[in-house]
Amino acid sequence: MGRVGTAAVRDPGGAALPRGFWAAVRVWLEKPQVANRRLCGAAVEAEGMVPLGEGAEAPPSLPAVGGGQEGRAEVAELGRLWREVRGQLALPPPLRFWGGPGELRALLRTLLPRGRPPAPAARELVVQDVYNGTVTFLPLEENCEGKCLIKKCNIYQIQLKHIKDEEWSVSIVAPFPEDWFSDGIAYPKLAWLGNELLSKLAKWSVEQKPSEFKSTLSLISVAKYSKVYQDLKAKYKEMVKVWPEVTDPEKFVYEDVAIASYLLILWEEERKEKGLTKKQSFVDLGCGNGLLVHILNNEGHSGRGIDVRRRKIWDMYGPETHLEESTIMPGDSHLFPDTDWLIGNHSDELTPWIPVIAARSSYSCCYFVLPCCFFDFHGKYSRRQSKKTQYREYLDFVAQVGFVCGFHVEEDCLRIPSTKRVSLIGKNRTYPPTESALIDKQITQFINNRQTCAGIMCDRRVEFNHKDHCDGVCEEVGSELPEDEIETAGTTWMPGFQPREKVEQIRNCASLPREFVDEVVLNVANLLLNATPQKSCSNMQSGSMNFWNQGESLSLKEVAEHLNKETLKRLKSEYGGLQTLLKNNHQVFEVLNGRVHIRDWRKEKPSSKTTPEVKRRLSAEAFKTRLCWFFLHHPDGCSLPSESCPYAHGTEELRQSQIIKKKKHIQ
């Protein structure tokens, strides 16, 4: 009675447990949103060792959060709570009683609900007993006198038990399951704890995958971030409905809202640390759609965004948002001595230059970069360390640039809808102002080394096809280079620097002539349909037995071998080439794991995730606005009846696209 669930866990070789169990518990303590999507995080207010004995009055030790007077206050609060609730801790079965040598470790956390208006935050006292392998969660509530009481109906405990050899078990138990109160947010139903949470804890306990990156939002308060993000999201959500760009509005709007929230909290903390009263100024280099600049300007920070190409959405912001269409060439003409922060949000070729520009602008100038595409000072970044992922290696390179420029570089992981979400922050210097000239020479030498190293790398790829010894060569060559090879007093610091083109070239096969694309699609489809052995799929609709030729699957290489040289040459000039063209024509093809298939629309399953409103609307507006390729070209026609197919079976079914109408109206 009271056992919510038990999961068997195997630990081959005994390398993971029990250490992995405590690492899994730590994830649930500090990042509960990973398992419970209705939470946006948890604020750990205090942590420390607490005494077991009734008479022991020693305060908690080893605070894990806070510092100075604030940290001491948090520890004192934990001690007060421990004294108040210790007498209420007669743990009923099936909870394991605390005991054994040593002390207990207590942690005070607040669960932060997602959504707006946010639900009330839930406070918990968590007690870890390493000796007995238990973690007990004690929900707290205050009575009318302000005294903390344990909310006994929602107590639960996570237990680790060693069965034998490699066999372990992880269990979740609750002493009062019949009284469990579920609010659907901080406290889901017990079935969720016994299924979803338990399975994740069991999986995490034996995973031997140390992360390459810092924890999400490790440099700022999660509680503050949650509140600011929800406020800004509500304030700017209407931007999604009027987004005039071709990019995904939900991704870009909510990503920039998240980045703005992070910067606002980071800058608020900086003002407290440095005793500043005025809000920081900024320049966003490569600002793109300018939404981040718009939000920061609206929230009281003076600043501007600069980009090589103007966007349609700029006209929607109004005169209070300062955006400039200009090309940034790293050099003396593009320094910002009166600016507090430089921002590089997916700034591409400017990313490695931003720490340099910040260092040379002024001693007080700071920077924030969110690297995405991989660029060196002179062009595309070349990999040098095969033992790291390309992303990790590039982040280390950009961090190294910051160190060379004299910054204490900090890394943090943002909570944004992107795979590239690690930011690098240069907020403080490693040197006194009197050494600025020395640091400037160091920067010049470093850029020289990178440029020379790039030339050596190119030669080696041609001659030896190997690239792992560049760092040593660069050090040798760099020591012989004259310090003034890059002219820091001139107009630009690297004459060969290539900024982005003012007119963006579309090279994703979308600009290819329609006749050319149609011919390639027809050729590839016929190749798959005529390949042997032929795959025929049974159509059991309405009890009939109709066979529809799905053709064979071929690898991309096999498909390419059947296309003529002129076609392949034309496709190679586009990003992604043949694969991109086939994926663009998703009505006809499906490309999975490097193999090309004819798409069978009868097998298409509706997404298990809730489709965003914008995508649902676009899908409805596009219904029957294009002819069905299978109806026109497939020997067996379309596999779906007309009423089920999203494409038109003949010109009489065609509808005018509402999307085109809207675009004309906007223009």
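The values are calculated or read from the model by the stated rules, or taken from the named source; none is laboratory data. As the structure is a computational prediction, the values presented were derived from the model and not from experiment. Every residue, glycine among them, receives a Cβ derived from its backbone with ideal geometry; neighbour counts consider all protein chains shown. When the accessible area is computed, the model is the full protein with side chains, heavy atoms only, and any ligands, DNA or RNA have been set aside. Shrake-Rupley method; radii C 1.70, N 1.55, O 1.52, S 1.80 Å.
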Search the stretch 110-127 for residues being basic (Lys, Arg) and assigned to a loop (DSSP other than H, G, I, E, B), and hand back the single one that is farthest from the chain's Cα centre (by Cα). ARG116
Do we have VAL222 as farther than 30 Å from TRP314 by Cβ and either in contact with a strand residue (DSSP E or B) (Cβ under 9 Å, 6 or more places away or on another chain) or buried (at least 22 other Cβ atoms within 10 Å of the Cβ) (or both) here? yes
Is it true that some residue in the stretch 114-121 is modelled with pLDDT of 90 or more, open to solvent by 20 Å² or more (accessible area, probe 1.4 Å) and either within 30 Å of LYS161 (Cα to Cα) or assigned by the TED database to the domain that holds SER171 (or both)? no
Find the residue count for the stretch 394-438, including only residues that are open to solvent by less than 10 Å² (accessible area, probe 1.4 Å) and part of a helix (DSSP H, G or I). 6
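Quick grid of which residues meet (1) farther than 30 Å from ASP412 by Cβ; (2) in the same structural domain as GLU30 (by the TED database); (3) within 32 Å of the chain's Cα centre (by Cα); (4) polar (S, T, N, Q):
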| site | (1), (2), (3), (4) |
| --- | --- |
| GLU142 | yes, yes, no, no |
| LYS147 | yes, yes, no, no |
| ILE155 | yes, yes, no, no |
| VAL170 | yes, yes, yes, no |
| ALA174 | yes, yes, no, no |
| GLU178 | yes, yes, no, no |
| LYS189 | yes, yes, yes, no |
| GLU196 | no, yes, yes, no |
| GLU212 | no, no, yes, no |
Would you confirm whether or not the stretch 522-535 contains a residue that is within 22 Å of ASP636 (Cβ to Cβ), modelled with pLDDT under 90, charged (D, E, K, R) and surrounded by 11 or more Cβ atoms within 10 Å (Cβ to Cβ)? yes
Which ones in the stretch 303-319 are open to solvent by 30 Å² or more (accessible area, probe 1.4 Å) and touching a residue at least 12 places away in the same chain (Cβ under 8 Å)? ARG304, ARG309, ARG310, ARG311, LYS312, MET316
Does the stretch 381-409 hold any residues that are in contact (Cβ under 8 Å) with a residue 60 or more places away in the chain and among the polar types (S, T, N, Q), and which are they? SER382, GLN385, SER386, THR389
Does TYR254 qualify as being under 25 Å from THR339 (Cβ atoms) and either open to solvent by 30 Å² or more (accessible area, probe 1.4 Å) or in contact (Cβ under 8 Å) with a residue 40 or more places away in the chain (or both)? no
For the subset of the stretch 262-280 comprising residues that are in a loop (DSSP other than H, G, I, E, B) and basic (Lys, Arg), which member is most open to solvent (accessible area, probe 1.4 Å)? LYS278
Looking at the stretch 370-380, can you tell me whether even one residue there is open to solvent by less than 10 Å² (accessible area, probe 1.4 Å) and assigned to a strand (DSSP E or B)? yes
Per the filter on the stretch 133-162, residues assigned to a loop (DSSP other than H, G, I, E, B) and either open to solvent by 50 Å² or more (accessible area, probe 1.4 Å) or under 22 Å from ARG80 (Cβ atoms) (or both) are ASN143, CYS144, GLU145, GLY146, LYS147, LYS151, ILE155
Subset of the stretch 122-132 (residues that are open to solvent by 30 Å² or more (accessible area, probe 1.4 Å) and more than 18 Å from ALA186 (Cβ to Cβ)): VAL130, TYR131, ASN132
So, in the stretch 556-594, of the ones that are polar (S, T, N, Q) and farther than 22 Å from HIS633 by Cα, which residue ends up modelled with the lowest pLDDT? SER573
Among the residues that make up the stretch 16-23, is at least one of them within 13 Å of ARG109 (Cα to Cα) and assigned by the TED database to the domain that holds GLY115? no
Among the numbered conditions (1) touching a Gly at 6+ places or on another chain (Cβ under 7 Å); (2) over 27 Å from ASP179 (Cβ atoms); (3) at pLDDT 75 or above, tell me where ALA106 comes up short. (2)
Any residue in the stretch 278-300 that's on the phi > 0 side of the Ramachandran plot: show its pairings with residues that are small (Gly, Ala, Ser) at Cβ separation under 6 Å, as long as the two are six or more apart or on different chains. GLY286/SER347; GLY290/GLY305
Residues that are of a type in the set (Val, Ile, Thr) and outside any helix (DSSP H, G or I), drawn from the stretch 351-369: THR351, VAL369
Residues within the stretch 595-605 that are among the acidic types (Asp, Glu) and either over 19 Å from GLU552 (Cα atoms) or at pLDDT below 85 (or both), tallied: 1
